[in-house]
Every structure is written in C-alpha cells, then in structure tokens.
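Comments concern the structure below.
Only the coordinates and a few stated rules stand behind these numbers; no lab work does. Here the structure is a predicted model, which is why all the values come from computation and not from measurement. Cβ: placed from backbone, ideal geometry, glycine included. Neighbour counts: every protein chain shown.
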Amino acid sequence: MAANTSPIFPLAPVVGIATLTTATAITSRANITGTTGLVQLTPESTNGKRIDSIAVKGKATTVASNIFIWIYNGTTSFLFDEIDAPAVTAGNTTDSTLVQKTYLSLVLPPTYQLFISETVQTDVNVFALGGDY
C-alpha cells in the first residue's frame with residue numbers, strides 16, 4: 001500500500017506492545033551489534049513509521065528501573081532515550097506505575113525498529129503509539 005504523500009501522514013495506527021518481566025541486564029549505554037538482550041517493541045514497516053509516545057505501565061508493584069529505548073537499523077542498536085520507571089507499591093487503592101513520554105519527531109525509516117531493555121528487573125508493559133506511513 002502506498003504511503004500518503006500530500007501532505008504525508010500515518011496511514012495505519014500502530015500500537016507496539018512489549019512485556020518486560022526479567023532484567024535484560026543491559027546497563028551500558030553503548031551501541032549494541034544486533035539485538036541480543038533487547039525486546040522488540042515495534043516491527044518493521046514498508047514505508048516507515050512515526051511514534052508519538054511511549055508509555056511504561058507497571059503490572060503490579062514495581063522497583064525503580066530505567067527503561068532503555070533503542071533504535072535498530074538492521075545491524076546496530078542505538079540508545080535513543082531512557083524512561084525512568086519509579087518504585088511503586090500497587091494495591092487496591094494505589095495505582096501502579098504509569099510513565100509516558102511524548103515525541104514530536106520520532107520517525108523511523110522503512111525496516112527500522114524500536115527495541116527496549118531494562119536495567120533492573122521489574123514487571124512492566126511498554127507501549128509505542130503512533131502510525132505506519
């Protein structure tokens with residue numbers, strides 16, 4: 001399907017979802033060859049995609065952790081951003097963690113993907129919200 005071009009805007013909504021339940025043990029911010037230790041957040045797309053926001057939602061009680069957002073170009077993963085997930089004791093009267101970041105210019109070319117990792121084991125879902133061109 002051809003991309004919208006005049007003006008360009010996303011053609012199909014994207015909701016990338018990934019679950020982190022065990023520490024990926026990646027604490028270095030150095031580039032990574034490949035995606036070893038990372039969890040896929042968004043798949044490839046034919047015409048590229050725009051990501052408007054990424055949200056981290058605790059599934060229960062969480063410990064403080066950094067969620068790393070990586071851009072993978074097919075060969076190397078590059079650290080793009082970090083989201084701090086706070087420690088929260090969730091219960092019947094206390095919400096679990098929810099942290100959301102908004103992006104104005106996170107546009108991925110065709111075949112690029114987003115991956116995530118965490119520095120400390122915590123049980124969260126991560127959502128990428130946007131659209132495919």
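Annotations for the structure displayed:
- With contacts taken as Cα pairs under 8 Å and at least 6 residues apart, the range 35-133 reaches a relative contact order of 49 percent.
- Among G16, G34, G91, the largest mean-square fluctuation in a Gaussian network model of the chain, built with springs joining Cα atoms closer than 10 Å, belongs to G91.
- Stokes-Einstein diffusion for the chain, with the hydrodynamic radius set to the Kirkwood value over Cα pairs and evaluated at 10 °C in a medium of 1.306 mPa s, equals 104 µm²/s.
- Dipole magnitude of the chain about its Cα centre (Cβ charges: Lys, Arg +1; Asp, Glu -1), debye to nearest 20: 100
- The range 39-107: C-alpha pair distances exceeding 20 Å, %: 39
- Label zone of T89 (point 7 Å out along Cα→Cβ, amide N under 20 Å): in the range 29-70 this covers 58-65.
- Förster radius 22 Å - calculated FRET efficiency between N125 and N73 (Cβ-Cβ, nearest 0.05): 0.30
- For the range 6-77, the relative contact order is 43 percent, taking Cα pairs closer than 8 Å that sit 6 or more residues apart in sequence and dividing their mean separation by the residue count.
- Potential lengthening between E82 and T21 on full extension [0.36 nm per residue; Cα-Cα distance subtracted]: 20.2 nm
- Computed label-point distance, nm, for sites S96 and A64 using a 7 Å Cα→Cβ extension: 2.1
- Choice from L20, L11, L114 showing the highest fluctuation, given a GNM over the chain with Cα pairs closer than 10 Å: L11
- GNM flexibility winner over the chain from S28, S117, S45 (Cα, springs under 10 Å): S28
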